[in-house]
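Note sheet for the following structure.
The values are calculated or read from the model by the stated rules, or taken from the named source; none is laboratory data. Not measured: the values here are computed from a predicted model. Cβ atoms come from the backbone with ideal geometry, glycine included; neighbour counts cover every protein chain shown.
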Amino acid sequence: MKVAGFTFIRNAVKNDYPIVEAITSILPICDEFVVAVGNSDDETEQLIKDINSPKIKILNTVWDEGIRDGGAVFAKETDKAFRAISPDADWAFYIQGDECVHEKYLPVIKKEMAANLNDSRVEGLLFKYLHFYGSYDFYGHSRRWYRREIRIVRNNPAIHSYRDAQGFRWNNRKINVKLIDAYIYHYGWVKPPSGLTNKLRNFNQFYHDDVWMQQNLPETFEFDYSHKNPDRLVHFTGTHPAAMQKRVDSINWSLNIDLKELNKHMTLRRKILQKIEDWTGWRVSEYRNYKIVK
């Protein structure tokens, strides 16, 4: 069984993406790893080279900045990396620049890939998610955060990244997947307020035109942690991936948000639906970009 990792990144230093941590967290179970490095204004390529692994292959790309519709450029860059992996790879393990996998899940993931290798019904593996918010001590747990997403797919040319690279499709149909007992730790919202201000500006320019940007994210815009309104934050009592520990130890800001006030902003409908999920585990009307194989 051959496993290829793949990702895309641009301006990782400038935007403080934990891309090195993302890559190294899954590198031990990958036989090769393709990194599509976009045209950057910083030392992103050198950052990847400094990982100093013979498994890593850098693919230099140029982002089409004319694509400003729903983050489609992210899917395009994901597909560039996916197409560059070796044709003899069986599984392709995708990770984004603000995600990480705890080392405790690597044996489980490897076991699931091996167990499902010859089961043609299983076209991908579905991961659970923890979305950390504001600091490494809290994660968002509400209907505003997606619970699961595909991160391992078969190495098949029929598969492509979907919409803004959140998931995948097989010839434009939903992929048949198996839900596995492993988590992706998402750290995209763990930054100081200044960092999240830059994130929103950099991120949204690939979703909206200049008029929208000027109206919603003017130069005077400053992020505060209630901006995204996570509805509910849960205190994290576990450990972070070893690859992330240096960042965890060096945090130099505090989460400036009143946790008790969060729930008051939820509509009655969201409160009822959240209670149903808490009691039963069923997320009513959940968007699923996949079909789970029983």
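Screening residue 225 on (1) hydroxyl-bearing (Ser, Thr, Tyr); (2) surrounded by 15 or more Cβ atoms within 10 Å (Cβ to Cβ); (3) more than 24 Å from residue 136 (Cβ to Cβ) shows it passes everything except condition (3). Candidates are the residues of the stretch 159-210 that are of a type in the set (D, E, K, R) and more than 16 Å from the chain's Cα centre (by Cα); the one that is nearest to residue 251 (Cα to Cα) is 201.
Contact annotation: no residue pair with Cβ atoms under 8 Å, 6 or more positions apart or on different chains, pairs a residue in the stretch 45-60 that is in contact (Cβ under 8 Å) with a residue 60 or more places away in the chain with a partner that is of a type in the set (Val, Ile, Thr) and surrounded by 12 or more Cβ atoms within 10 Å (Cβ to Cβ). When residue 65 is tested against the conditions (1) crowded, with 18+ Cβ neighbours inside 10 Å; (2) under 28 Å from residue 195 (Cα atoms); (3) not hydrophobic (A, V, I, L, M, F, W, C), the lone failure is (1).
Only one of the numbered conditions (1) buried (at least 16 other Cβ atoms within 10 Å of the Cβ); (2) within 20 Å of residue 186 (Cα to Cα); (3) touching a Ser or Thr at 6+ places or on another chain (Cβ under 7 Å) is violated by residue 247, and that is (3).
Number of residues in the stretch 133-163 that are assigned to a strand (DSSP E or B), at pLDDT 95 or above and among the small types (Gly, Ala, Ser): the value is 1. Among the residues of the stretch 98-106, some residue qualifies, meaning at least one is among the β-branched types (Val, Ile, Thr), under 30 Å from residue 252 (Cα atoms) and touching a helix residue (DSSP H, G or I) at 6+ places or on another chain (Cβ under 9 Å). Does residue 137 fit the bill of being in contact (Cβ under 8 Å) with a residue 40 or more places away in the chain, among the charged types (D, E, K, R) and under 30 Å from residue 224 (Cα atoms)? So residue 137 passes the test.
Being over 16 Å from the mean Cα position of the chain (by Cα) and part of a helix (DSSP H, G or I) is a property that holds for residue 45.
When restricted to residues that are among the β-branched types (Val, Ile, Thr), part of a loop (DSSP other than H, G, I, E, B) and in contact (Cβ under 8 Å) with a residue 12 or more places away in the chain, the stretch 192-239 contains 1. Of the residues in the stretch 173-187, none is of a type outside the set (Gly, Ala, Ser), touching a strand residue (DSSP E or B) at 6+ places or on another chain (Cβ under 8 Å) and modelled with pLDDT under 95.
Looking across 289, 252, one residue alone is in contact (Cβ under 8 Å) with a residue 24 or more places away in the chain and surrounded by fewer than 12 Cβ atoms within 10 Å (Cβ to Cβ). It is 252. Counting only residues that are in a loop (DSSP other than H, G, I, E, B) and without any contact (Cβ under 8 Å) to a residue 12 or more places away in the chain, which one in the stretch 259-284 is surrounded by the most Cβ atoms within 10 Å (Cβ to Cβ)? The selected residue is 284. The set of residues in the stretch 164-190 that are within 22 Å of residue 208 (Cβ to Cβ), part of a loop (DSSP other than H, G, I, E, B) and out of contact with any helix residue (DSSP H, G or I) (no Cβ under 6 Å at 6 or more places or on another chain) contains only 166. Answer yes if at least one residue in the stretch 93-106 is crowded, with 20+ Cβ neighbours inside 10 Å, among the aromatic types (Phe, Trp, Tyr) and part of a helix (DSSP H, G or I), and no otherwise. There is at least one residue in the stretch 93-106 that is crowded, with 20+ Cβ neighbours inside 10 Å, among the aromatic types (Phe, Trp, Tyr) and part of a helix (DSSP H, G or I).
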